[in-house]
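Notes follow the structure.
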Amino acid sequence: MHFYRPAEGHRLAHDPFNSIVAPRPIGWIGTVDPEGRRNLAPYSFFNALHYRPPLVGFSSNGWKGSVANCDATREFTWNLVTRELAEKMNATSTTHDVDEFEVAGLEAAASTEINAPRVAASPVNFECRVTQLVPLQSAQGAAVGSWFVVGEVVGIHIDERLLESGVFDTLAADPLLRAGGPTTYFGITADTQLDLRRPE
């Protein structure tokens, strides 16, 4: 077994943490600042947190535009990244102070419950209101310079082509998932499906 203490370094070619906790859904987060300027950015640390009410959250390494906008407006959208949208999603990871919708050639769609924009080409969008903005810290209580944003999903848009007899077809949605390393992503395929029933 390769053992290491993260504080002392991993002694490998690349930090394995992101590869081990993978694949992960991508937090493609749409926000708008108080002056109406749009922001769209992908976050690799994102997931669902609670069922009812539905809560989702993403973690930002540093106080970036998405976090600042969430702090100011208390809202954001999550937009499903499909394999077809991979290149456009990647284009929105720019660190320049620009409108990522324009840079990536993406049309924005208006939300119903909030002001933050949705990605029109994405087949699923969540409209979220911020419930918590948590500064992350180490076990010793030291600030680590990252923030965890939690939002309650108050509106959901689903392309009806992905609904089969009232059930969302995850495979048909073709979600893109983030994996380890600087460039690695995965999809899902029918041959990897496994069905398990909970014990009674």
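Readers should treat all values here as calculations from the given coordinates under stated rules, not as data from a laboratory. Owing to the predicted nature of the structure, the values given are computational and were not obtained by experimental measurement. Virtual Cβ from ideal backbone geometry, glycine too; neighbours counted across all protein chains shown.
Odds and ends about this structure:
- Projection of the Cα convex hull of the chain, averaged over all directions and equal to a quarter of that hull's surface, yields 14.6 nm².
- Per-peptide average of other Cβ atoms within 10 Å, ordering 5-18, 137-150 highest first: 137-150, 5-18
- One equal scatterer on each Cα of region 66-172, no solvent, Debye formula: the resulting log10 I(q)/I(0) at q = 0.12, 0.14, 0.24 Å⁻¹ is -0.51, -0.68, -1.34.
- Prolate/oblate/rounded label for region 65-117 (Cα gyration tensor, a/c 1.5): oblate
- D (Stokes-Einstein, µm²/s), Kirkwood Cα radius, region 26-97, 1.567 mPa s at 4 °C: 101
- For region 146-189: rounded, prolate or oblate by the Cα gyration tensor [a/c cutoff 1.5]: oblate
- Rg(Cα)/(2.2 N^0.38 Å) for region 97-152, N = residue count: 1.54
- Under-5 Å amide H pairs with Thr131, H placed in peptide plane, nonlocal only: Val150, Gly151, Glu152
- Between Asp191 and Ala72, the modelled labels are 4.9 nm apart [label points 7 Å from Cα along Cα→Cβ].
- Likely footprinting exposure, Phe101, Phe186, fewest C-beta neighbours within 10 Å first: Phe186, Phe101
- Among Met89, Met1, the ranking by other beta carbons within 10 Å of each residue's beta carbon, starting with the fewest, stands as Met1, Met89.
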